[in-house]
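The values are calculated or read from the model by the stated rules, or taken from the named source; none is laboratory data. Everything quoted here is computed from the prediction, not taken from an experiment. When we count neighbours, we look across all protein chains shown, and the Cβ atoms used for this are built from the backbone with ideal geometry, even at glycine. The protein model used for the area step is the full one, side chains on, heavy atoms only, and it has no ligands, DNA or RNA in it. Shrake-Rupley method; radii C 1.70, N 1.55, O 1.52, S 1.80 Å.
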Amino acid sequence: ANEDVSIITLGADITGNIEINRDLTLDLGGLMLTGDGEGSVITVKGGNVTIQNGTVTGGKAVNGGGVYAGDGNLTLVNITDNVADGGKTKAAACGGGIYIDGANVVMNSGSISNNIARSKVVVSSFNPTVTYGGNGGGVYIAKGSFIMDGGNKLYQLMLHCLHILCCDRKVISRI
C-alpha cells in the first residue's frame with residue numbers, strides 16, 4: 001500500500017488479512033472485509049486507525065479473530081462472525097471479536113456480534129476432542145482500554161461477552 005495515503009476506501013468486498021502500523025482510515029464503503037480463516041482479519045500495531053462503514057468478519061486466530069489491537073488508537077464498527085480458537089493446543093483462546101493488547105479502542109456505533117472464543121484440547125488418540133469456552137467471545141482486554149459510546153450492541157453466541165484480564169484496564173460503556 002502507498003505510505004502517503006491516509007484514507008483507503010474499498011470498492012468491493014475483500015477477502016484477506018491486513019496489518020496496519022501507521023495512521024490510516026480504512027473506509028469499508030458499506031462492504032465486508034472477510035478474513036482468510038487463518039489469523040486476525042485486522043492486526044493493528046500502531047498509529048491512529050479508523051475502520052468505518054462496513055463489517056469485519058471471517059477471522060480465526062488464537063487471540064483476536066476479528067481484530068488484534070496491539071498498539072495505537074483504534075476506532076471501529078461492526079465486528080461479526082469471528083473465532084478465537086486455541087486449536088489442538090492447550091492455549092486459552094481469547095477475544096473472538098477483538099483482542100486488546102495495549103491499544104485504546106473506541107466504538108462510536110455498530111455492533112460486536114456472533115463472535116466466539118473457544119479452546120480445544122485433544123485428551124488422547126482414544127478419546128474425543130474436548131472443547132471448552134475461551135475468554136471474551138466479543139472482547140478480551142489484556143491491556144489497554146475499550147470504550148463503547150452510543151448505540152452499540154455487544155452480544156455473542158457463548159458466555160463471556162467481555163473479559164478483562166486484570167484490574168488496571170479501563171472499560172467505559174455509555175450505551
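Residues whose amide H lies under 5 Å from that of VAL105, counting only those 5 or more places away or on a different chain, are LEU74, SER145, PHE146, ILE147; hydrogens are built 1.01 Å from N in the peptide plane.
I need the shape label for segment 38-78. Rule: rounded when a/c is under 1.5, else prolate if a/b > b/c, else oblate, with a, b, c from the alpha carbon gyration tensor. Let's see the in-between values first.
Values: a/c = 2.89, a/b = 1.20, b/c = 2.41.
In terms of gyration-tensor shape, oblate.
The local environment of ASP71, defined by Cβ-Cβ distances under 13 Å, has a net charge of 0 under the rule Lys, Arg +1 and Asp, Glu -1. Under a 5 Å amide H cut-off, with hydrogens placed 1.01 Å from N, ILE20 pairs with THR43, VAL44, LYS45 among residues at least 5 apart or on other chains. Taking the protein heavy atoms of segment 1-113 in the context of the full set of protein chains, the accessible area attributed to carbon and sulfur is 47 percent at 1.4 Å.
A full extension of the chain between ASN108 and ILE14 corresponds to an added length of 31.5 nm, given 0.36 nm per residue minus the alpha carbon distance.
A quarter of the convex hull surface defined by the alpha-carbon atoms of segment 1-116 gives 6.5 nm² as the mean projection. Relative to the current alpha-carbon distance between ASP23 and LYS45, full extension at 0.36 nm per residue lengthens the span by 6.9 nm.
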